[in-house]
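Working notes for the structure below.
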Amino acid sequence: MPAENQPAAKSVVSKQADETIIVNALRLHDNHSADTSSLFRHSLGFSAYSAGGVSALPVLNGMADDRVATIVDGMRIASACPNHMNPALSYVDPDSVSKAEAIAGITPVSIGGDSTGGSIVVERRDPLFAEHGKLLVTGHVRGDYRSNGGGSGASGTITVANDTWSLRYTGSYAHASNYRTGGNGKQVRSTSYLTFNHAVTAGFHKDNHLAAITFGQQDIPYEGFPNQYMDMTNNRSTYVNGKYKGDFDWGVLEARAYWQRVDHVMNMMNDKGGHSPTTGMPMNTDSRSVGYSLKATVRLAPAHTLTLGSEFDHNGLNDWWPPLLNSMMMGPNTFHNINNGHRDRLGHYAEWNAQWLPRVSTLLGFRSDLVMMNTGQVSPYSWSGMMSMADAMAARQFNAASRGRTDTNFDVTALVRWHPLDSLMIEGGYARKTRSPNLYERYAWGMGAMTTSMIGWFGDGNGYVGNLNLSPEVANTASFTVTWHDPEDSRWEVKMQPYYTYTHNYINVMRIGSFSTGLSKLQFVNHNAQSYGINSSARARLWKTDAYGTGEIRATLNWVRGQDLQNHSSLYHQMPTNGTIGLYETYENWTGRIETTLVKSKSTVDWVRNEPRTPGYALLGIGGSYRWKNFLLDASIENICNQKYYLPLGGLSLGDYKATGIRGPLPGMGRSFNVSLTASF
């Protein structure tokens, strides 16, 4: 649940770069993954769909991907791919992040429009400024190595600033070959990747005002996807992001604007047979996004604030598949999957935060979103060929239909916080959240076995067909959080968060056909569904002495169930009961940790999608760090016992299936020795 809203702070003058990241109020510097979603691994209710090495899809309380409002530096970035290979978090290098917050359950309307599962907010570092009359030159460089898959990475930043102007460059590189499983050490095909990130930020600071503009570009020359038929063979994102924050007598004003272009190419990498002018399957996507957000936090009284906001996001998309030379199936013409499609969202909200009594406060918010979608006429590879007959018929029917859609959505959040005791805090409330379908859920029109198999971000090998008649999802969530803690010295804390969500018009699927492989052709449809579960965490300080430093034990436990109330199957990719328990030690410049991850067997599955079952497992990891002057060395061993296990949300290992003919769940990574070194100046 959200922390109490506070007025925006003035920009901070800093002399040294910060190598740690604030994740839900915890400071971390032990992240060895190139995937930003890994920052949330200890957050309540969080899990992730496995995908490419930097492209996992976030899940909160069993709701994934587009159902989670993922906001990066104020931008709502939609995936520009029929397989969602480039989700919002894939555009952010973890080393450039200063704050990452995952809010499951009841989210404020100010950060939760057009979503039903929760919100993820990621912020890169604000510009740094020198003290008055001085010049600041600061930054850091970092190098990483991972033994499993030969993963390596480098990142760094440098800032030159006075007390008014700031200029910063940030860059990163990450690479890995295919990783190997535990046990027999078999290679997991299509898990390699290579990525580059560059960004330049110019900042201006005067009195209580901060303005910044960032120009950035990301290049992913290749990224394998082990649970998809396709791989990413190029992805270039170019973006501009502007930000203003001002502190006035009446409150705080924040404004953002952004523009992004994405050029995305898919085909088959060598593990899946490779590609040439006469082999493979080229698929191209071109996306343009632009938007703004305005947010004013007004201090009505010492204990009351009113937040007013307006947002607009435009996402334009072209998705076309060039013909393959001399191919009867993929030619002779270009397959237009989405032709000049667009999805525009205009939202407004009001949020009132009130402290009624020293121990009682409330948060009440209302939001409206207007979502407008349309797309142009489409075409198959051939209008007359026998192998394109199903697609040609579907294209004619799609082109004859009225395709424009406008959804008028509204959200409500009501939350009460009560401190009956110094050691006890109770938060509870209700939220109504609405999400409109994405472009592919509404406009994916192909009906052929091959073309439908190219649609889907679920990693299940099935084929998907859109539905022009989809209605928006409406999720009604009731949840409360009980936090029991040491009121004097923060020596211990126990937190429990039960929740229940009923979703009207949940966008699920129904079977409309089958493939010779035993997999299915599915169409998106509206069903009613419910989700419920409990998230919990606990921590306790075990010792704190001059001789032995500080020792702490931490644990998490998450349980979720989701059910389609029409076909009575489980909702897809619900994480089985899972938890972590770890011992953490800090002594002067040393830190140490030993962690165990526990996951129950996945026996409750979505039978409509042929979701695989996976056995339970336990993974052990150790790590530690040492800081000396401006250097920080961190090392860890993950999966010490080299346990073989399968990822509950990994889907099918289609890269291995392509090579071996054996279809099964996606295996996890075996033992890995990791090390990173950071130098600050």
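To keep it simple, each residue is scored yes or no on (1) farther than 27 Å from ILE338 by Cβ; (2) among the aromatic types (Phe, Trp, Tyr); (3) in contact with an Asp or Glu (Cβ under 6 Å, 6 or more places away or on another chain); (4) crowded, with 16+ Cβ neighbours inside 10 Å.
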{"residue": "PHE248", "(1), (2), (3), (4)": "yes, yes, no, no"}
{"residue": "ASN270", "(1), (2), (3), (4)": "yes, no, no, no"}
{"residue": "GLY291", "(1), (2), (3), (4)": "no, no, yes, yes"}
{"residue": "ASN315", "(1), (2), (3), (4)": "no, no, no, yes"}
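Filtering segment 432-448 for residues that are surrounded by fewer than 19 Cβ atoms within 10 Å (Cβ to Cβ), among the β-branched types (Val, Ile, Thr) and either closer than 26 Å to GLY341 by Cα or touching a residue at least 24 places away in the same chain (Cβ under 8 Å) (or both) leaves an empty set.
Scan segment 461-482 for residues that are out of contact with any Phe, Trp or Tyr (no Cβ under 8 Å at 6 or more places or on another chain), open to solvent by 10 Å² or more (accessible area, probe 1.4 Å) and among the polar types (S, T, N, Q) and the total you get is 2. Filtering segment 169-190 to residues that are part of a strand (DSSP E or B) and either open to solvent by 70 Å² or more (accessible area, probe 1.4 Å) or hydroxyl-bearing (Ser, Thr, Tyr) (or both) leaves TYR169, THR170, SER172, TYR173, ARG180, GLN187.
With respect to the conditions (1) in contact with a helix residue (DSSP H, G or I) (Cβ under 6 Å, 6 or more places away or on another chain); (2) in a strand (DSSP E or B), LEU470 lacks only one, and its number is (2). Restricting attention to segment 550-576, the residues being under 20 Å from ASP65 (Cα atoms) and either in a strand (DSSP E or B) or open to solvent by 40 Å² or more (accessible area, probe 1.4 Å) (or both) number 8.
Listed here are the residues, each with its yes/no results for (1) surrounded by fewer than 24 Cβ atoms within 10 Å (Cβ to Cβ); (2) small (Gly, Ala, Ser); (3) touching an Asp or Glu at 6+ places or on another chain (Cβ under 6 Å).
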{"site": "GLY62", "(1), (2), (3)": "no, yes, no"}
{"site": "ASP65", "(1), (2), (3)": "yes, no, no"}
{"site": "CYS81", "(1), (2), (3)": "no, no, no"}
{"site": "ILE111", "(1), (2), (3)": "yes, no, no"}
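Inside segment 127-162, residues that are surrounded by fewer than 18 Cβ atoms within 10 Å (Cβ to Cβ) and either touching a Cys at 6+ places or on another chain (Cβ under 9 Å) or at negative phi (or both) make up a count of 14. If we scan segment 490-498, do we find a residue that is within 17 Å of VAL416 (Cβ to Cβ) and more than 26 Å from the chain's Cα centre (by Cα)? No, every residue in segment 490-498 fails to be within 17 Å of VAL416 (Cβ to Cβ) and more than 26 Å from the chain's Cα centre (by Cα). When the residues of segment 538-549 are filtered to those that are of a type in the set (A, V, I, L, M) and within 36 Å of the chain's Cα centre (by Cα), which remaining residue is surrounded by the most Cβ atoms within 10 Å (Cβ to Cβ)? Per the criteria, the residue is ALA538.
Residues in segment 594-624 that are charged (D, E, K, R), under 23 Å from ASN535 (Cα atoms) and surrounded by 17 or more Cβ atoms within 10 Å (Cβ to Cβ): GLU595, LYS602, ASP606.
Scanning segment 598-653 for residues that are over 18 Å from LEU557 (Cα atoms) and of a type in the set (A, V, I, L, M, F, W, C) yields a total of 13.
Annotation: HIS342 fulfils all but one of (1) over 30 Å from the mean Cα position of the chain (by Cα); (2) modelled with pLDDT of 95 or more; the unmet one is (1).
Per-residue answers, yes or no, for (1) over 30 Å from THR334 (Cα atoms); (2) outside any strand (DSSP E or B):
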residue: SER368; (1), (2): yes, no
residue: VAL371; (1), (2): no, no
residue: TRP383; (1), (2): no, yes
residue: ALA390; (1), (2): no, yes
residue: MET393; (1), (2): no, yes
residue: TRP418; (1), (2): yes, no
residue: THR452; (1), (2): no, yes
residue: GLY456; (1), (2): no, yes
residue: PHE480; (1), (2): yes, no
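There is no residue in segment 579-596 that is farther than 20 Å from PHE458 by Cα and touching a Cys at 6+ places or on another chain (Cβ under 9 Å).
Only residues that are outside any loop (DSSP other than H, G, I, E, B), small (Gly, Ala, Ser) and out of contact with any His (no Cβ under 8 Å at 6 or more places or on another chain) were counted in segment 324-366, giving 5. The residue list ALA354, ALA395 contains one member that is open to solvent by less than 30 Å² (accessible area, probe 1.4 Å), hydrophobic (A, V, I, L, M, F, W, C), modelled with pLDDT of 95 or more and closer than 30 Å to PHE480 by Cβ, which is ALA354. The residue that is surrounded by the fewest Cβ atoms within 10 Å (Cβ to Cβ), counting only those in segment 577-592 that are within 20 Å of LYS544 (Cα to Cα) and within 26 Å of the chain's Cα centre (by Cα), is ILE581.
The values are calculated or read from the model by the stated rules, or taken from the named source; none is laboratory data. Keep in mind that this is a model prediction, so the values were computed, not measured. Positions of Cβ are generated from backbone atoms using ideal geometry, with glycine treated the same way; all protein chains shown enter the neighbour counts. Side chains are part of the model used for accessible areas, which takes the heavy atoms of the whole protein and leaves out ligands, DNA and RNA. Shrake-Rupley method; radii C 1.70, N 1.55, O 1.52, S 1.80 Å.
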